[in-house]
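*Asks:* Would you mind keeping the following structure in view while I ask a few things?
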Amino acid sequence: MSEVTIHRNGAVLEITLARPDKKNALTGAMYRQLVVALDAAERDETIGAILLKGDGGVFSAGNDIVDFVTGLDSGEEMPAAAFIRKLALNTTPIVAAVEGLAVGVGCTLLLHCDLIYAAPDARFSLPFVNLALVPEAGSSLLLPQRVGMARASAWLLLGEPFGAQEALDAGLVNAVVPNQELIGVAREKAAVLAGKPRAALAESRRLLRGDPKVLLERMEIELEAFAHALKSIEARAALASFLNKRK
């Protein structure tokens, strides 16, 4: 069974992270499936919006560390790189429904979504520095733009988790919605977007987001810094400690 499921709901393509037993932690295979799903939405002119959600009451715990560490010595580029570049160039509006954990890339990918609705139990975390790593997915650029430098510095440098209300107060999410209503509200908003005049919606998104080249350039700088940080003794020790705790 695929760990990323795709379901057509009218003019909305619903993408679900479906690995609940692992808190929807992302593997290389899942990143590749996500790229395929985003490509499918871009090619299909009848798709007007994307709804991104997680299965099992969790959005995503971020990278699957076992899968991530296993792939470090392959010599290939991290599968996440293709996914975040795809997000930067994506032209189809994305609505995200977040409940439970949204950790690491499970949080930074939200910066590429147009509308974000969170359940009261949503718990966000950006623990890159804690793992001796650096921000990714353009978050070093997008997060200060979204919530201000003071808040972005606290979230990225301290790496402390924060809840749905703080995310709402900071402007990271659009609304906090009861768990039982979350998917319904997100579906409704995605359907509203899908029903808008396509050219006007696309141009409005382009004007809001600015030149994607700037974002892509920052992503490449982050990826280079991330790859360098991964080689450090601190990062290797932090990742090994994480794996030992899991065992």
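The values are calculated or read from the model by the stated rules, or taken from the named source; none is laboratory data. Computed from a predicted model, the values in this text were never measured in an experiment. We place every Cβ from the backbone using ideal geometry, glycine too, and count neighbours over all the protein chains shown.
*Asks:* For segment 100-115, which residues satisfy the criterion of being over 17 Å from GLY159 (Cβ atoms) and surrounded by fewer than 24 Cβ atoms within 10 Å (Cβ to Cβ)? Please lay out each step first, then the result.
*Replies:* Step one: of segment 100-115, the residues over 17 Å from GLY159 (Cβ atoms) are 100, 109, 112-115.
Once the filter is applied, which keeps residues that are over 17 Å from GLY159 (Cβ atoms) and surrounded by fewer than 24 Cβ atoms within 10 Å (Cβ to Cβ), segment 100-115 yields GLY100, HIS112, CYS113, ASP114, LEU115.
*Asks:* Next question. If you go through segment 130-158, how many residues are outside any loop (DSSP other than H, G, I, E, B) and either under 18 Å from the mean Cα position of the chain (by Cα) or charged (D, E, K, R) (or both)? Working first, answer last.
*Replies:* Kept after step one, since they are outside any loop (DSSP other than H, G, I, E, B), are these residues of segment 130-158: 130-131, 139-147, 149-158.
Checking which are either under 18 Å from the mean Cα position of the chain (by Cα) or charged (D, E, K, R) (or both) leaves us with 139-147, 151-152, 155-156.
Total meeting the criteria: 13.
*Asks:* Taking the condition at positive phi and over 19 Å from the mean Cα position of the chain (by Cα), does GLY57 pass?
*Replies:* Considered against the rule, which asks whether it is at positive phi and over 19 Å from the mean Cα position of the chain (by Cα), GLY57 comes out as no.
*Asks:* Cβ-Cβ below 6 Å, separation at least six or inter-chain, first residue in segment 44-63 and free of Cβ contacts under 8 Å to residues at least 60 places away in the same chain and over 16 Å from LYS196 (Cα atoms), second among the aliphatic types (A, V, I, L, M) and surrounded by fewer than 22 Cβ atoms within 10 Å (Cβ to Cβ): which pairs?
*Replies:* Hits for this filter: ASP55/ALA18.
*Asks:* Taking the stated definitions as given, is GLY138 over 29 Å from HIS7 (Cα atoms), surrounded by 14 or more Cβ atoms within 10 Å (Cβ to Cβ), in contact (Cβ under 8 Å) with a residue 24 or more places away in the chain and not β-branched (Val, Ile, Thr)? Break it down into steps so the answer makes sense when it comes.
*Replies:* Values: over 29 Å from HIS7 (Cα atoms): no; surrounded by 14 or more Cβ atoms within 10 Å (Cβ to Cβ): yes; in contact (Cβ under 8 Å) with a residue 24 or more places away in the chain: yes; not β-branched (Val, Ile, Thr): yes.
Spelling it out, it is not the case that GLY138 is over 29 Å from HIS7 (Cα atoms), surrounded by 14 or more Cβ atoms within 10 Å (Cβ to Cβ), in contact (Cβ under 8 Å) with a residue 24 or more places away in the chain and not β-branched (Val, Ile, Thr).
*Asks:* Something else: Does segment 167-198 hold any residues that are of a type outside the set (A, V, I, L, M), in a helix (DSSP H, G or I) and in contact (Cβ under 8 Å) with a residue 12 or more places away in the chain, and which are they?
*Replies:* Looking only at segment 167-198, we keep the residues that are of a type outside the set (A, V, I, L, M), and these are 169, 171, 174, 178-181, 184, 187-189, 195-198.
Cutting the leftovers down to in a helix (DSSP H, G or I) gives us 169, 179-181, 184, 187-189, 198.
Passing the criteria: ASN179, ARG187, LYS189, ARG198.
*Asks:* Can you find a residue in segment 66-77 that is touching a residue at least 60 places away in the same chain (Cβ under 8 Å), aliphatic (A, V, I, L, M) and surrounded by 18 or more Cβ atoms within 10 Å (Cβ to Cβ)?
*Replies:* No: segment 66-77 contains no residue that is touching a residue at least 60 places away in the same chain (Cβ under 8 Å), aliphatic (A, V, I, L, M) and surrounded by 18 or more Cβ atoms within 10 Å (Cβ to Cβ).
*Asks:* Next question, about the same structure. If you scan segment 205-247, which residues turn out to be on the phi > 0 side of the Ramachandran plot and either polar (S, T, N, Q) or in a helix (DSSP H, G or I) (or both)? Please lay out each step first, then the result.
*Replies:* Going residue by residue through segment 205-247, those that are on the phi > 0 side of the Ramachandran plot are 210.
Passing the criteria: none in range.
*Asks:* For GLU14, are the conditions met, namely being over 14 Å from the mean Cα position of the chain (by Cα) and in contact (Cβ under 8 Å) with a residue 12 or more places away in the chain? Spell out the reasoning first.
*Replies:* Details: over 14 Å from the mean Cα position of the chain (by Cα): yes; in contact (Cβ under 8 Å) with a residue 12 or more places away in the chain: yes.
Against the criterion (over 14 Å from the mean Cα position of the chain (by Cα) and in contact (Cβ under 8 Å) with a residue 12 or more places away in the chain), GLU14 qualifies.
*Asks:* Pick from GLY171, GLY195: which is exposed (fewer than 15 other Cβ atoms within 10 Å of the Cβ) and in contact with a helix residue (DSSP H, G or I) (Cβ under 6 Å, 6 or more places away or on another chain)? Break it down into steps so the answer makes sense when it comes.
*Replies:* On the way: GLY195 fails: in contact with a helix residue (DSSP H, G or I) (Cβ under 6 Å, 6 or more places away or on another chain).
So the residue among GLY171, GLY195 that is exposed (fewer than 15 other Cβ atoms within 10 Å of the Cβ) and in contact with a helix residue (DSSP H, G or I) (Cβ under 6 Å, 6 or more places away or on another chain) is GLY171.
*Asks:* Here is a follow-up. Among the candidates ALA11, ALA37, ALA102, ALA49, single out the residue that is closer than 24 Å to LEU207 by Cβ, of a type in the set (Gly, Ala, Ser), in contact with a Leu (Cβ under 8 Å, 6 or more places away or on another chain) and modelled with pLDDT of 95 or more.
*Replies:* Numbers: ALA11 fails: in contact with a Leu (Cβ under 8 Å, 6 or more places away or on another chain); ALA37 fails: closer than 24 Å to LEU207 by Cβ; ALA102 fails: closer than 24 Å to LEU207 by Cβ.
Residue meeting the stated conditions: ALA49.
*Asks:* Before we move on, is ALA202 surrounded by 13 or more Cβ atoms within 10 Å (Cβ to Cβ), out of contact with any Phe, Trp or Tyr (no Cβ under 9 Å at 6 or more places or on another chain), in contact (Cβ under 8 Å) with a residue 40 or more places away in the chain and part of a helix (DSSP H, G or I)? Give the steps one after another, and end with the answer.
*Replies:* On the way: surrounded by 13 or more Cβ atoms within 10 Å (Cβ to Cβ): yes; out of contact with any Phe, Trp or Tyr (no Cβ under 9 Å at 6 or more places or on another chain): yes; in contact (Cβ under 8 Å) with a residue 40 or more places away in the chain: yes; part of a helix (DSSP H, G or I): yes.
Yes: the conditions hold for ALA202.
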